[in-house]
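Notes for the one structure printed next.
Bear in mind that the values in this text are calculations on the coordinates, not laboratory data. Just so you know, these numbers come straight off a predicted model, no measurement behind them. Cβ atoms come from the backbone with ideal geometry, glycine included; neighbour counts cover every protein chain shown.
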Amino acid sequence: ERSRVQSSKYKIVKPISLLNNKSLLHLSVFALVLVHIHSFLPSKTVPFHTTTNIFQKTSCTESILQAKKLGLLTFDLDDTLYPIAPVVDEANSAFARAMNKYGYFDILPSDIVEMGKQVRRENSEFAVTMTHTEVRRMAIRRKMEDFVYQNNLREVARDWGTDVSSLTSTIVVNARRWAETSVSESVVQAVLDAWEMERHHASERHLYPELIDVFQQIKEDHPDVIIGAVTDGKANPLLMTFTLAQFFDFCQSWEDDQSGRSKFFKDLDSVEGNADLNWIYDAAY
């Protein structure tokens, strides 16, 4: 999170982590409300004290809430509405099960993570603009190709009564080429779909327990508010049909704008190390 201090009309709001704690969750939502209605704040910055009960009604808060109707409220998702670590772990386990279903045996949940790191290293020039989905798709395909490749080498070595290490370079190169052409894109997509489906199911299972009550209260107090998700990942609350879908109106992901993302990082890479980068913050508003 960032604070803009270029002019007096911007108020410094201390970033607050949203944990599995109802008071902190309320505090975060209230901070978001203040950001949306910053133009109604007094000219002098009012200090924030996290130990103070900011939901206590005062003339200041009442006048602010009466002066401005809450129209838009946005949330981050990962590590904000649920812990991301167990969600990804369970999605990776679904990846391994799907791979086994399609005949790629002895695949570990961690394999998709390690292969993803390898994909980024091999594509270091473009790694920063690659989405999580692009990397994950390439990692799944690469793991399938490696499985087919190693099986081919073992079969040839067994048929010829020799060790894999003794096979000629011609056989090794052809085995790799054959493996690359033998993997079905539809199977890659099916495994990726299994990963993404489990990611959303796991997100619902690990949703912080107070959230539903909080969202219901927001809707009750502000029935016309538009609630959205802004995320850099693949999660979408509209796909969490048993929990969050009923409260959210839209989801905006960093993965949705490939061309814009590429241009952004190219522009960033072209500036000098000591250049004024305030334009980055201006672009966010």
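Using a ≥ b ≥ c from the Cα gyration tensor of the stretch 71-154 (square roots of the eigenvalues), is it rounded, prolate or oblate, where a/c under 1.5 gives rounded and otherwise the larger of a/b and b/c decides, a/b for prolate? It comes out oblate by the Cα gyration axes. Among the chymotrypsin sites (Phe, Trp or Tyr not before Pro) within the stretch 160-225, not one is in coil by DSSP while having at most 13 neighbouring Cβ atoms inside 10 Å.
Projecting label points 7 angstrom from Cα along Cα→Cβ for residue 205 and residue 101 puts them 1.5 nm apart.
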